[in-house]
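Colleague: Input: one structure, supplied below.
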Amino acid sequence: MRAILLLACLAPLAALAADPGYVRVPGGDFTTTLQYEDIRGASRVATFEMMARPVTNAEFRTFVQRYPQWRRDRVPGVFAGNGYLDHWQGSLQLSAGAQGSQPVTRVSWFAAKAYCDAQGARLPRWLEWEYAAAADGSRRDARRDAAWRDRILQWYAQPASRPLPAAGTTAANVYGVRDLHGVVWEWTDDFSSMLVTSDNRTQGDPDRNRFCGAGALSVADREQYAVLMRVALLSSLEGRDSTSTLGFRCVREVQ
Amino acid sequence: MTIRRWLTAWALMLVAGGAMAIPTDSIYRADVVLTDAQSHRFRWAEQRGQPRIVSMLYTSCTFTCPTLVESVKVVLLALRPDERIRLGVTMISLDPKRDTPEALAKLQKERGLDPAHWTLARPQPRDVSTIAALLGIRYRVLSDGDFNHTTVLVLLDGEGRIVASTEKLGGVADAMFVAAVRKTLEAR
């Protein structure tokens with residue numbers, strides 16, 4: 001009896017500790033689709049490890065069992081708005097619309113960050129996410145391929161009301177990472193760095209005091225609609241927001 | 001235990017509980033440790049109890065950040081002395097690596113910011129994004145190590161709830177914001 005109790009106590013821990021399947025993304029030089037005033041040409045992306053698929057409902061439930069302050073009935077409003085996990089049947093019960101194998105959505109940035117912290121990981125930076133997402137099954141940078149871009153865009157044309165596929169069911173890219181396109185939107189650590197604006201330091205511009213310093217963002221390549229939509233979404237969010245199609249995955253630094 | 005005694009104990013518990021629990025919509029729910037210009041380490045939640053104007057800056061900024069500080073001064077000047085004395089100001093660094101207590105103290109001295117009202121503090125690097133997200137401040141580290149960030153003054157009530165904010169900076173105080181500060185001070 002004691003052994004069973006012990007096992008029952010350990011089970012959530014074991015599930016949390018289980019390797020979520022990080023794969024190595026070798027670093028390289030990468031030119032972001034976003035155009036910043038202060039960045040010319042390619043940036044260096046350091047090697048990192050990325051979850052091969054987004055975090056699932058089952059995994060997130062294990063997390064909130066372990067860290068009950070992130071249960072939807074206990075989370076402080078300052079960290080998560082009303083929609084937080086509200087597609088689950090209960091605070092710890094999934095539902096037909098939120099199955100264990102599906103990517104978790106309706107999670108705030110604060111909750112996603114806490115999940116990755118608990119893993120000894122962090123949310124990917126935008127540049128890392130875009131770098132990994134530029135790859136297809138055989139190329140590290142498929143962005144110039146119009147057919148590839150069209151395939152990605154097809155997802156964006158589908159209604160958001162359609163049920164989410166199980167996580168990890170789309171084709172792996174050259175790094176072994178799945179679901180970067182065609183499944184859910186994903187939080188990035190620096191979502192709030194998306195300062196989308198025209199040059200706001202122009203004299204007479206009422207917004208000119210909004211930003212300190214240079215570095216306003218515009219877009220270098222208007223062909224990359226999929227990236228633009230991601231940026232538009234992230235730039236519109238606050239940290240406590242959540243949506244029915246916004247999930248996340250974590251990355252780890254490589255020592 | 002009689003019902004009356006039980007009720008008394010229960011009421012006491014409620015009062016004590018009310019004094020202890022930080023409201024769920026308070027940014028002081030964040031587990032953040034700050035270090036001020038006097039090298040004093042404290043939990044952000046220790047600032048609970050007094051309404052505050054809060055924003056984020058970095059001391060090596062030469063253009064908008066001085067404007068930010070001066071804009072707070074303009075708001076303070078719009079208040080009566082008896083109001084001003086009950087309002088705190090907290091400026092949190094976006095650049096904790098370079099904004100040492102010494103750098104913060106230098107800014108404090110140069111700008112004439114009375115430590116009795118003004119707290120200049122740096123967070124731990126990992127908490128910068130959390131603080132910015134709680135305050136609704138957007139920022140990005142530039143390639144040269146500078147920062148691009150939205151300049152906004154956020155008014156917190158004594159419990160750490162966001163009451164108002166303004167992006168109208170400069171020589172004239174935002175009248176709506178000043179009114180919100182007054183109302184928050186009166187409510188206490």
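Colleague: Name the helices (complete DSSP H segments) of chain B with a Cα length along the long axis of 20 Å or more and a Kyte-Doolittle mean of at least 0.5, or state none.
Modeller: Helices meeting the criterion: B:3-20.
Colleague: Taking the DSSP beta bridges in segment B:24-187 as the whole, what percent of them are antiparallel, to the nearest 5?
Modeller: Expressed as a percentage, antiparallel bridges in segment B:24-187 total about 60.
Colleague: To continue, here is another question. Can you tell me the relative contact order of segment B:24-187? Whole percent, Cα pairs under 8 Å, sequence separation 6 or more.
Modeller: 32
Colleague: Take each of the peptides A:48-58, A:74-84, A:136-146, average the number of other beta-carbon atoms within 10 Å over its residues, and list them starting from the highest.
Modeller: Most protected by this proxy first, the peptides run A:48-58, A:74-84, A:136-146.
Colleague: For the pairs B:109/B:168; B:97/B:168; A:113/B:106, flag any whose C-alpha to C-alpha distance is greater than 31 Å.
Modeller: A:113/B:106
Colleague: Take peptide B:25-38, look around each residue's Cβ out to 10 angstrom, count Cβ atoms belonging to other protein chains, and average those counts.
Modeller: 2
Colleague: Right, here's the next one. List the residues whose amide H sits under 5 Å from the amide H of residue B:120, counting only those 5 or more places along or on another chain, with H placed 1.01 Å from N in the peptide plane.
Modeller: Long-range HN contacts for residue B:120: B:37, B:91.
Colleague: Rounded if a/c is under 1.5, else prolate if a/b is larger than b/c, else oblate: which is chain B, with a ≥ b ≥ c the root eigenvalues of its Cα gyration tensor?
Modeller: It is prolate, given that a/c is not under 1.5 and a/b is the larger ratio.
Colleague: Taking K and R as +1 and D and E as -1, what net charge do the other residues with C-beta under 12 Å from the C-beta of residue A:91 add up to?
Modeller: +2
Colleague: So what is the 222 nm mean residue ellipticity for chain B from helices alone, if each DSSP H run of at least 4 adds -39500 (n - 2.57) and you divide by all residues, rounding to the nearest 500 deg cm²/dmol?
Modeller: Value at 222 nm, helices only: -10500 deg cm²/dmol.
Colleague: Further, regarding this structure: In peptide B:143-155, what is the residue-averaged number of other protein chain Cβ atoms found within 10 Å of each Cβ?
Modeller: For this peptide, the per-residue mean of nearby foreign Cβ atoms is 4.
Colleague: Still on this model: Around residue A:167, which amide H atoms from residues at least 5 apart in sequence, or from another chain, sit under 5 Å from its own amide H, with H modelled in the peptide plane?
Modeller: Placed amide hydrogens put A:102 under 5 Å from residue A:167.
Colleague: Then there's this: If we count every other residue with Cβ under 15 angstrom of residue B:38's Cβ, Lys/Arg +1 and Asp/Glu -1, where does the sum land?
Modeller: It works out to a net charge of -1.
Colleague: So, by mean Cβ neighbours within 10 angstrom, what's the order for B:114-120, A:120-126, A:244-250 with the highest one leading?
Modeller: Result, highest mean Cβ count within 10 Å first: A:244-250, A:120-126, B:114-120.
Colleague: While we're looking at this one, here's another question. In peptide B:130-139, what is the residue-averaged number of other protein chain Cβ atoms found within 10 Å of each Cβ?
Modeller: Across the residues of B:130-139, the mean count of other-chain Cβ atoms within 10 Å is 5.
Colleague: Between segment A:122-154 and segment B:37-73, what's the alpha-carbon centroid distance in Å?
Modeller: 40
Colleague: Counting only other residues whose beta carbon sits under 14 Å from that of residue B:176, what net charge do I get with K and R as +1, D and E as -1?
Modeller: My count for the surroundings of residue B:176 gives +1.
We did not get these values from a lab; they are worked out from the coordinates using the rules stated. Worth saying up front: this structure is predicted, and the values here are computed from it rather than measured. Cβ coordinates were reconstructed from backbone atoms using ideal geometry, including for glycine residues, and neighbour counts include every protein chain displayed.
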